[in-house]
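Reading through the structure tokens given below for one structure.
The values are calculated or read from the model by the stated rules, or taken from the named source; none is laboratory data. Fair warning: this is a prediction, and the values are worked out from it, not measured in the lab. Virtual Cβ from ideal backbone geometry, glycine too; neighbours counted across all protein chains shown. Calculation scope for accessible area: heavy atoms of the full protein, side chains included, ligands and nucleic acids excluded. Shrake-Rupley method; radii C 1.70, N 1.55, O 1.52, S 1.80 Å.
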Amino acid sequence: MEARVVAAGRGWQWIVAGFDLFRKSPVMWVALTLVLALMWVVSFIIPILGPLLFNLLSPVFFAGLMIGCRALEQGEDLEISHLFAGFKQQATPLVTVGGIYLVGTIVVFGLVYLSADVAKLSAVISKPGTDLEALREAMRNLAVALVIGAAAYLPLLMLVWFAPLLVVFDALAPLEAMKLSFAACFKNVLPFLVYGAAILGLWIVLSLPAALGAAGTVLAIALLVASIPALFCSIYASYKDVFAAGGPASGGNPFPR
């Protein structure tokens with residue numbers, strides 16, 4: 001497997017392709033997203049361990065969604081069972097990716113916690129008659145901590161962006177898949193910048209109805225929820241483009257140069 005460098009404009013095309021795939025089965029995509037969100041909420045019933053377990057298994061669920069993308073591409077129906085399809089294909093390597101991601105996430109949160117000095121920040125905020133200068137200093141520390149956290153999380157995100165797809169579709173070992181994912185993201189910084197900027201702009205536009213009151217807020221939330229599965233599909237599109245991985249039904253790369 002080798003990642004290729006694609007043009008910056010491909011970042012926008014990934015989103016377009018994601019929405020095209022979403023439109024093939026919008027109701028089922030929203031249902032899958034809601035089921036996944038419900039599972040995440042339920043995980044909090046078990047303090048600490050529940051969310052940790054969900055994060056550990058997240059690459060398995062994500063791989064299932066990607067299998068659903070390929071099924072749609074091949075003309076098959078998208079089903080709720082696709083969410084759990086990763087447990088039948090490369091489950092152990094996917095959980096390994098999840099374990100590495102989980103450890104990395106804990107390290108990132110630890111860096112943010114220590115950098116922000118959360119205990120001191122809480123004391124400053126909760127103290128009656130807090131000195132304004134002390135509050136400003138605490139907020140500056142928090143801002144610096146968030147920047148540090150973002151800088152530390154970005155490489156982790158690059159490691160896992162393509163990894164579940166490379167594991168489930170190309171049978172790569174977890175570490176090999178993560179190394180290749182990082183290299184692919186690094187070589188395609190420009191399209192990923194376009195992709196990120198486009199998503200941010202899209203979410204801003206979709207949230208605008210919230211300014212119209214309660215009904216507008218409900219509409220904005222509905223639009224944002226509907227956009228999430230389309231973004232899942234866009235990740236599948238980015239994988240196909242960067243790795244020129246045409247599905248069996250398509251017979252080649254869906255993004256000709």
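General remarks:
- Label separation (Val107 vs Thr92): 2.5 nm, computed from points 7 Å beyond Cα along the C-beta direction.
- Whole-Hz Karplus values for region 234-239 come out as 5, 5, 4, 5, 5, 4 Hz, taken residue by residue from phi with 6.51 cos²θ - 1.76 cosθ + 1.60 and θ = phi - 60°; glycine and proline positions read x.
- Backbone geometry of region 25-33 corresponds, through the Karplus equation with coefficients 6.51, -1.76 and 1.60 at θ = phi - 60°, to 3J(HN,Hα) couplings of 7, x, 5, 5, 5, 5, 4, 4, 5 Hz, x marking Gly and Pro.
- Rg(Cα) / (2.2 N^0.38 Å) computed for the chain, rounded to two decimals: 1.11
- Over all other residues within a Cβ to Cβ distance under 12 Å of Glu76, the charged ones net out to -1, with Lys and Arg as +1 and Asp and Glu as -1.
- Carbon-plus-sulfur accessible fraction, the chain (probe radius 1.4 Å, protein heavy atoms only): 74%.
- Based on Cα contacts under 8 Å between residues 6+ apart, the chain shows a relative contact order of 33 percent.
- Solvent-accessible surface of region 41-94, averaged per residue with a 1.4 angstrom probe and all protein chains in place: 51 square angstrom.
- The protection proxy used here, the mean number of other Cβ atoms lying within 10 Å of each residue, ranks peptides 2-13, 182-193, 37-48 as follows, highest first: 182-193, 2-13, 37-48.
- The chain, helix-only ellipticity at 222 nm - DSSP H runs n ≥ 4, -39,500 (n - 2.57), divided by all residues, nearest 500: -25500 deg cm²/dmol
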